[in-house]
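Trainee: Pasting a structure here, questions to come.
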Amino acid sequence: MINLIGTYEGKADAKLRLLLPAPLKKQLASVMQDGFVMKRSVHEQCLELYAMDEWNLLMNEISSINRFVKKNNDFIRIFTAGIKIVELDSAGRLLISKDLQAYAGITKEIVLAASGNVIEIWDKDKYEASINIAPDQFSALTEDVMGGIKKEL
């Protein structure tokens with residue numbers, strides 16, 4: 001399992017190609033040859049980039065869902081809508097498809113935010129808005145999410 005680290009800013013060119021920053025390339029070196037999956041995020045107006053191995057693990061979990069239950073089938077269809085297999089070109093760039101670019105509202109300025117096993121690809125203004133919360137709100141969120149986790153000694 002990959003554990004990616006870092007937040008990086010970049011620019012998309014006129015053809016919606018995005019140069020993968022060197023620190024991310026280094027972290028992804030062992031999986032780069034297998035390609036990636038790019039998709040719409042479930043919770044935010046951004047894109048998600050998965051290494052193919054990580055995507056396959058996720059799809060193994062999703063494949064266990066009973067598709068004869070309508071809401072399960074609806075979820076799978078919506079979750080996988082618009083996914084694209086992408087590879088780095090010879091210059092180390094990823095192509096963002098027009099439909100995914102439109103979904104995420106990506107303009108020229110982009111933020112790549114590594115988050116565990118996935119890289120979120122954001123329009124810079126949308127990313128800044130998503131993380132711009134008051135310190136007391138972040139404190140409350142942290143307590144809600146992490147407060148119940150017990151550390152093992």
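The values are calculated or read from the model by the stated rules, or taken from the named source; none is laboratory data. Fair warning: this is a prediction, and the values are worked out from it, not measured in the lab. Cβ: placed from backbone, ideal geometry, glycine included. Neighbour counts: every protein chain shown. Remember, those area values only see protein heavy atoms, side chains included, never the ligands or the DNA or RNA. Shrake-Rupley method; radii C 1.70, N 1.55, O 1.52, S 1.80 Å.
Trainee: Return the sequence-ordered ³J(HN,Hα) values of the stretch 109-115 in whole Hz as given by the Karplus equation 6.51 cos²θ - 1.76 cosθ + 1.60 applied to θ = phi - 60°, using x for Gly and Pro.
Mentor: 7, 10, 10, 9, 10, 6, 9
Trainee: Grab the beta carbon distance between Gln137 and Thr7, set R0 = 25 Å, and tell me the FRET efficiency rounded to 0.05.
Mentor: The computed FRET efficiency comes out at 0.80.
Trainee: Heavy-atom accessible area per residue, the stretch 7-88, 1.4 Å probe: how many Å²?
Mentor: On a per-residue basis, 60 Å².
Trainee: Which residues' amide hydrogens lie under 5 Å from the amide hydrogen of Leu16, considering only partners 5 or more residues apart or on another chain, with H built in the peptide plane?
Mentor: For Leu16, whose amide H was placed from the backbone, there are no distant partners under 5 Å.
Trainee: A further question on this structure: If you look for lysine pairs in the chain that are eight or more places apart or on different chains, how many of them have Cα atoms under 15 Å apart?
Mentor: The result is 11.
Trainee: Then there's this: What distance in nm separates the simple spin-label points at Ser130 and Lys26, each placed 7 Å from Cα in the Cβ direction?
Mentor: 2.5 nm
Trainee: Once mean projected area of the Cα convex hull in nm² is worked out from the coordinates, which option in (i) 11.5; (ii) 10.0; (iii) 10.6 does it equal?
Mentor: Correct label is (i).
Trainee: List the residues, sorted by chain then number, that are 5 or more residues from Gly6 or on another chain and whose placed amide H is less than 5 Å from its amide H.
Mentor: Here the answer is Ala114, since their amide H atoms fall under 5 Å of that of Gly6.
Trainee: Next question, about the same structure. Run the numbers on the chain and let me know its relative contact order in percent, using alpha-carbon pairs under 8 Å that are six or more apart.
Mentor: Relative contact order of the chain: 33 percent.
Trainee: Now, a different point. GluC sites (Glu not before Pro), restricted to the stretch 50-153: which are DSSP loop and have at most 16 other Cβ atoms within 10 Å?
Mentor: Sparse-neighbourhood loop GluC sites (Glu not before Pro): Glu87, Glu152.
Trainee: Can you pull the one-decimal nm distance between simple spin-label points at Asn56 and Lys70, each 7 Å off the Cα toward Cβ?
Mentor: 3.6 nm
Trainee: Right, here's the next one. Given a 1.4 angstrom probe, I'd like the percentage of the accessible area of the chain that is carbon and sulfur, rounded to a whole number.
Mentor: Carbon plus sulfur share of accessible area: 55 percent.
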